[in-house]
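Working notes, structure below.
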Amino acid sequence: MYLSDYHFHTLCSSDSPAPLAQQAKAAMAAGVREICVTDHWNLLDQQGNRLPAVYDWGPSLAQWKKLRSRWPGRLELRLGVEVGNGVLDSAAVDASLTLPELDFVIGSLHSQSARAGGLGIFTAARACAGKEDGTAILDDYMDMLEELVDTRGWDVLGHIIYPLRYIPAEYGLDLHPWRDRLAEILRRVISQGKGIEFNTSAGATVDQWREVLALYRDLGGQVLTLGSDAHRPQQMAAAFPEALELIRETGFRWLCVYRSRTPLFCKIDS
């Protein structure tokens, strides 16, 4: 099968030490045929401070150009970006996404809304004092998803279950109480011909995706990418065998790769 990893980071992201060459070699060792580098561009930091609303493509573009043709027939290397909290300035985001070489954009939410103070979701979740705090984070998150889906600066919604990575597990929270709102968000994704990603979070989250994937497929969703969110070489394609099995179980027969922000469908079993 034609296996792809469409969410990973390099040293062009502040939280990754890995050069692109190391990530690419790790992907090939894991049997991956195509990767898309999606380094971070966040509009807020963890403390809620505004970050530049113009993306400097220089470093990411330079390392991609150096390596894009290095492994012909072994690895297809594509250029993308992960935009965090693009709802804060969607016009500025759109202006930075006109790069001719750009293939793919993940629209993610890493921070709370400005209304809630803009703290990083990681920071806010780790400060939860009880289930009520976790519920408030998820309420705010769903509000932002509803805003994000109506902007243009994304091709797939990134890691929809993101707050559940960090909200203490003992609170027993999941997205089920927000199922109706999530279903409407996914309908809007589908109506625009866009998609979602299945993000294994370096192997930490697989079965947690079951309900979201099943709902998306039941609504008619077809555009699906697979990403490890790897920040280090040992995380590339993490838990992909388990993820692929769940993808099959929930009725998907294709994964998507991208060319010039247009999805191409690759059979999972071929």
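Quick one: what pairs do we get from the stretch 246-263, first residue surrounded by 21 or more Cβ atoms within 10 Å (Cβ to Cβ) and assigned to a strand (DSSP E or B), second of a type in the set (A, V, I, L, M, F, W, C) and modelled with pLDDT under 95, C-beta under 9 Å, 6+ apart or different chains?
LEU255/MET1; LEU255/ILE268
Looking only at residues in the stretch 69-106 that are of a type in the set (S, T, N, Q) and within 18 Å of LEU157 (Cβ to Cβ), which one is nearest to the chain's Cα centre (by Cα)?
Result: ASN85.
Within the group LEU79, LEU75, LEU99, LEU61, which residue is in contact with an Asp or Glu (Cβ under 8 Å, 6 or more places away or on another chain), at pLDDT 95 or above and surrounded by fewer than 17 Cβ atoms within 10 Å (Cβ to Cβ)?
It is LEU61.
Step by step: first the residues of the stretch 25-40, then only those that are in contact with a helix residue (DSSP H, G or I) (Cβ under 8 Å, 6 or more places away or on another chain) and of a type outside the set (A, V, I, L, M), then the one that is nearest to ILE106 (Cα to Cα). Which residue is that?
Restricting to residues being in contact with a helix residue (DSSP H, G or I) (Cβ under 8 Å, 6 or more places away or on another chain) and of a type outside the set (A, V, I, L, M), the top hit is ASP39.
Only one of these is in contact (Cβ under 8 Å) with a residue 24 or more places away in the chain and surrounded by fewer than 13 Cβ atoms within 10 Å (Cβ to Cβ): GLY118, GLY130. Name it.
Exactly one of GLY118, GLY130 is in contact (Cβ under 8 Å) with a residue 24 or more places away in the chain and surrounded by fewer than 13 Cβ atoms within 10 Å (Cβ to Cβ), namely GLY130.
Can you tell me which of (1) modelled with pLDDT under 95; (2) of a type outside the set (Val, Ile, Thr); (3) touching a helix residue (DSSP H, G or I) at 6+ places or on another chain (Cβ under 7 Å) is the one ARG115 doesn't meet?
(3)
Any idea how many residues of the stretch 152-169 are surrounded by fewer than 16 Cβ atoms within 10 Å (Cβ to Cβ) and either assigned to a loop (DSSP other than H, G, I, E, B) or at pLDDT 95 or above (or both)?
2
Answer yes if at least one residue in the stretch 199-222 is within 23 Å of ILE121 (Cα to Cα) and in contact (Cβ under 8 Å) with a residue 60 or more places away in the chain, and no otherwise.
Yes, the stretch 199-222 contains a residue that is within 23 Å of ILE121 (Cα to Cα) and in contact (Cβ under 8 Å) with a residue 60 or more places away in the chain.
The values are calculated or read from the model by the stated rules, or taken from the named source; none is laboratory data. Since the model is a prediction, treat every value here as computed from it, not as a measurement. Using ideal geometry, Cβ is built from the backbone for each residue, glycine included, and neighbour counts are taken over all protein chains shown.
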